[in-house]
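Everything on this sheet refers to the single structure shown next.
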């Protein structure tokens, strides 16, 4: 089972080409591409969503959800590089190492609690049986897919300590 980072949300409807207005509701649809072992994202307006539902049998998405479009803020100047929680999660997802799944899960929960990530969906992967958690970055609209490692309560403190050490800049074991 892979962790996927899906492209950022679009600023316009993929079907009609019309730009989304600030505060407008739209739908995000994820489609699984078995050949590439990837998920592809489509953002569509509510009107386009209704039209697509008529053809839903032929082109059913793997997952979908409704979001509210928030116009992006102007980019902030980059601060000095540091090991922050968001950067750590991005690194874990890009490296896609199984031994990092527990830490990636805890970091995603931290970012959810800080309202950086918004949970959008939960699915069971048909191939591996793993539980997939879908998150949307509140500011950028990027989608993150994190595998739930099924941590037991007695394992959480150990993983939290590991994550805290990584955030303080200590190297991994």
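The values are calculated or read from the model by the stated rules, or taken from the named source; none is laboratory data. The structure presented is a predicted model; accordingly, all values stated were derived computationally and were not measured. Cβ placement follows ideal geometry from the backbone for every residue including glycine, while neighbour counts extend to all protein chains displayed.
Values as computed for the structure displayed
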read-out	value
Residue match in the stretch 97-116 (condition: at pLDDT 90 or above, buried (at least 20 other Cβ atoms within 10 Å of the Cβ) and within 17 Å of residue 7 (Cα to Cα))	no
The stretch 1-59 - residue that is at pLDDT below 85 and touching a helix residue (DSSP H, G or I) at 6+ places or on another chain (Cβ under 6 Å) and, of those, farthest from residue 104 (Cα to Cα)	5
Strands (runs of 3 or more DSSP E) enclosed by the stretch 111-173 - at least 1 residues per element that are within 15 Å of residue 63 (Cα to Cα) and free of Cβ contacts under 8 Å to residues at least 12 places away in the same chain	117-124
